[in-house]
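The values are calculated or read from the model by the stated rules, or taken from the named source; none is laboratory data. Computed from a prediction, not measured in an experiment: that's the story for all the values here. A quick note on method: Cβ atoms are made from the backbone with ideal geometry, for glycine too, and the neighbour counts reach across all protein chains shown.
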Number of protein chains: 2
Amino acid sequence: MPPESPPTTRPYEKPQGERRGLVIVHTGDGKGKSTAAFGLALRAHGRGKAVRIFQFMKVPTARFGEHRAFEALGVPIEGLGDGFSWKSRDLDHSARLAAEGWRRAREAILDGRHFLVVLDEITYPLRYGWVPLQEVLQTLQTRPRDVHVCLTGRGCPPELIALADTVTEMRLVKHAFQAGIPAQRGIED
Amino acid sequence: MPPESPPTTRPYEKPQGERRGLVIVHTGDGKGKSTAAFGLALRAHGRGKAVRIFQFMKVPTARFGEHRAFEALGVPIEGLGDGFSWKSRDLDHSARLAAEGWRRAREAILDGRHFLVVLDEITYPLRYGWVPLQEVLQTLQTRPRDVHVCLTGRGCPPELIALADTVTEMRLVKHAFQAGIPAQRGIED
C-alpha cells in the first residue's frame with residue numbers, strides 16, 4: 001500500500017445550519033453500539049452536561065465496568081430489564097418491565113433537564129412490541145429542542161432511522177467469538 | 001412492522017477457546033470509532049484495569065469532553081499530533097511527531113503493564129507513511145499475551161484487519177452534518 005498524501009485543505013464545507021438536539025442511532029450486527037453510546041455520555045459529561053442512561057436489556061443490579069465507571073463519575077445508568085430475553089422465564093414480566101422503563105425514559109427526555117438521554121438496546125423491546133414504536137417516535141418529535149437522544153440496538157425500525165439525524169451501522173467484519181475466544185471481563189462487560 | 005418473538009434459547013454457542021488479549025479495530029466512514037474506543041476504555045477502567053489512550057491526530061493540549069472525563073477518572077489520554085493535518089503547515093513536523101508518538105505507544109503495548117492500550121486515529125499516520133505499518137504489525141504480534149489493543153480510524157490497512165481479532169466497520173448511514181447541522185460541543189468534542 002503506497003502512502004497517501006494528507007489533505008492540505010479542509011476536506012468538507014462547514015455547515016451553516018443551527019445547532020439543536022440530535023437523534024443518534026447506533027444499529028447493526030457489529031460491536032460498539034452501546035460502547036459508543038457510553039463514549040458519547042462520557043464526552044458530554046466531561047463537558048459538564050447532564051446525562052442519563054437507560055438500559056432496556058440490563059438488570060437494575062448490573063455492575064459491569066461501565067456501571068462502576070459511570071458511578072464514579074456521577075452519571076446515572078439504570079438497568080430497566082430482567083436480563084437478556086433468552087434467560088427470562090416470564091416474558092409478560094419482561095414486557096411489563098420494558099413498558100414501565102420506557103415511561104421513566106420518556107419522562108427524562110421530555111422534562112428538559114438533560115443534555116443527552118441514552119436509550120441503550122431499546123430496539124429489542126421495540127421489536128418485541130413491548131414498547132410502542134409510535135410513542136417513541138412521537139416523544140422524539142415533541143421533545144425539547146436541545147435534548148440529544150442516542151438509541152442503540154440491532155435491527156432498528158426503519159421509521160426510527162428515517163426520523164434520526166445521525167445513524168451509524170456497526171457492521172461486523174469479524175469477531176473474536178467466531179475464533180472461539182470467550183467474552184472477557186473489562187472488554188465485553 | 002409486526003413484532004418479533006424474543007429468543008427463548010441462547011442464540012449462540014458459548015466459545016470454548018482461551019481468553020487472551022485482543023486486537024480490536026474500529027474503522028469505516030461513520031461516527032463512533034473513537035467514541036466506542038473511549039467506551040471500551042471506560043468499561044475496562046471500571047473493572048479496575050490499567051488503560052492508556054494515545055491519540056495520533058489530537059494535540060497534547062486538547063481539552064475535549066473525553067479528556068476532561070478521563071482526567072476525572074485518572075485514565076491517561078495523550079494527544080500525540082499537531083491537530084488535523086489540513087491545519088498543519090509543516091508536514092515534516094507532523095510526521096516526526098507521529099513517529100515519536102508511536103515509539104511511546106509501542107513501549108506502552110510491550111511493557112506488559114496495561115490491560116488495554118487505545119491507538120486512536122492511528123490509521124491516518126499509517127496511511128501517510130508516518131508510522132511504519134510493518135512495525136505496528138510486528139509490535140501487535142510480539143506483545144504480551146494479555147494486552148488488548150484497540151486501533152481506530154478510517155481506511156484501516158488490510159494487513160491490520162487480517163491480524164485483528166475483532167473488526168467493526170462503522171458505516172455512515174446518515175449524519176446531521178449532511179443536513180447542515182454544525183458540530184456541537186459535548187457531542188462531537
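Has the range A:89-107 got any residue that is buried (at least 16 other Cβ atoms within 10 Å of the Cβ), closer than 19 Å to A:THR35 by Cβ and at pLDDT 95 or above? No: the range A:89-107 contains no residue that is buried (at least 16 other Cβ atoms within 10 Å of the Cβ), closer than 19 Å to A:THR35 by Cβ and at pLDDT 95 or above. B:VAL117 falls short on exactly one of the conditions (1) under 17 Å from the mean Cα position of the chain (by Cα); (2) part of a helix (DSSP H, G or I), and that condition is (2).
Can you spot a residue in the range B:122-133 that is surrounded by fewer than 22 Cβ atoms within 10 Å (Cβ to Cβ), more than 8 Å from chain A (Cβ to nearest Cβ) and touching a helix residue (DSSP H, G or I) at 6+ places or on another chain (Cβ under 9 Å)? Within the range B:122-133 (the criterion being surrounded by fewer than 22 Cβ atoms within 10 Å (Cβ to Cβ), more than 8 Å from chain A (Cβ to nearest Cβ) and touching a helix residue (DSSP H, G or I) at 6+ places or on another chain (Cβ under 9 Å)), the answer is yes, since at least one residue qualifies. B:PRO158 passes every criterion in (1) within 20 Å of A:LYS174 (Cα to Cα); (2) buried (at least 23 other Cβ atoms within 10 Å of the Cβ) apart from (2). All of (1) touching a residue at least 40 places away in the same chain (Cβ under 8 Å); (2) over 19 Å from A:GLY32 (Cα atoms); (3) buried (at least 19 other Cβ atoms within 10 Å of the Cβ) hold for B:HIS67 with one exception: (1). Annotation note: Cβ proximity below 8 Å between a residue of the range A:171-189 that is more than 7 Å from every other protein chain (Cβ to nearest Cβ) and in contact (Cβ under 8 Å) with a residue 40 or more places away in the chain and a residue that is part of a helix (DSSP H, G or I) and of a type outside the set (Gly, Ala, Ser) (sequence gap 6+ or interchain) occurs for A:ASP189/B:ARG43.
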